[in-house]
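Taking it in order: structure first as structure tokens, then the write-up.
None of the figures in this text is laboratory data; all of them are computed from the coordinates on show. Treat the numbers as computed from the prediction; the structure is a model and nothing was measured. Quick reminder, even Gly has a Cβ in these numbers, built from the backbone with ideal geometry, and neighbours come from all protein chains shown.
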């Protein structure tokens, strides 16, 4: 006789955090941290720690990329408004 094992349920917050990390990176960071906290709770049988960790990583990296992009964009924008060449 074979016994069927049921795969553990994936944490919904971890999955949503992973998806949100690509769209709204700060939300991915928040949801990833919240999901990790839920997954580390005693008695929790859900899976998804990898998704939550990747939500934190991707959200952090994309947040830095967006901040650098915005700073560069703002510098070029205000440089163009002032009529001065960039870098002078």
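Values for this structure:
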| quantity | calculated |
| --- | --- |
| Degrees, to the nearest 10: 49-82 long Cα axis against longest axis of the chain | 10 |
| Nitroxide proxy distance, nm - points 7 Å out along Cα→Cβ at residue 54 and residue 74 | 3.3 |
| Largest-first ellipsoid semi-axes for region 12-82, taking √(5λ) over the Cα gyration tensor eigenvalues, angstrom | 35, 8, 7 |
| Choice from 74, 21, 35 showing the highest fluctuation, given a GNM over the chain with Cα pairs closer than 10 Å | 74 |
| Average Cα contact separation per residue, the chain, under 8 Å, 6 or more apart, as relative contact order % | 28 |
